[in-house]
Amino acid sequence: MLGVIVIGAIAGGIASFIVPGRTPGGIIGGIVVGILGGLLMGLLFGANPSGFIGSVVIGVIGAVVILYALRFITGRRSAA
C-alpha cells in the first residue's frame with residue numbers, strides 16, 4: 001500500500017509538471033491522480049510493468065490523460 005502511494009505521488013508530481021496549470025486538490029490530488037492514472041492504464045491496456053521505473057512511467061502516462069480530461073471537463077477558468 002505504501003509503495004502504491006509513493007509511486008502515485010511520483011507519477012502525479014511528474015504529470016503535474018507536464019500538464020500546464022494547477023493540479024486539482026494540490027499534493028493529495030496529485031497522489032490520487034497518479035494512482036488513478038496507473039490503474040487506468042492497467043485496466044485499459046493490460047499494462048502490468050515490472051519494476052519501479054515501469055510503474056512510474058505507466059502512472060505518469062495515465063495521470064497526464066486524467067489531468068487533461070479534468071481540464072477538458074471543468075473548462076478553462078479565467079483569473080479575475
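Each value in this text was obtained by applying a stated rule to the coordinates, not by laboratory testing. Not measured: the values here are computed from a predicted model. Virtual Cβ from ideal backbone geometry, glycine too; neighbours counted across all protein chains shown.
With everything on Cα atoms, drop me the angle between helix 2-18 and the longest principal axis of the chain, reported from 0 to 90° to the nearest 10.
Long axis of 2-18 versus the principal axis of the chain: about 40 degrees.
Computed over the Cα atoms of the stretch 1-71, what is the ratio Rg over Rh, Rh following Kirkwood?
Computed over Cα atoms, the ratio is 0.94.
GNM on the chain, C-alpha springs below 10 Å: top fluctuator among Gly21, Gly29, Gly62?
Maximum fluctuation in the GNM of the chain, among the listed residues, is at Gly21.
Compute the distance in nm between two label points, each set 7 Å from the Cα along the Cα-to-Cβ direction, one at Ile53 and one at Ile18.
Taking the two extended label points, one gets 1.6 nm.
Compute the distance in nm between two label points, each set 7 Å from the Cα along the Cα-to-Cβ direction, one at Ile27 and one at Ile5.
Output for this residue pair reads 1.2 nm.
With a 10 Å Cβ neighbour count serving as the proxy for reagent exposure, in which order, fewest first, do Val60, Val4, Val33 appear?
Val4, Val60, Val33
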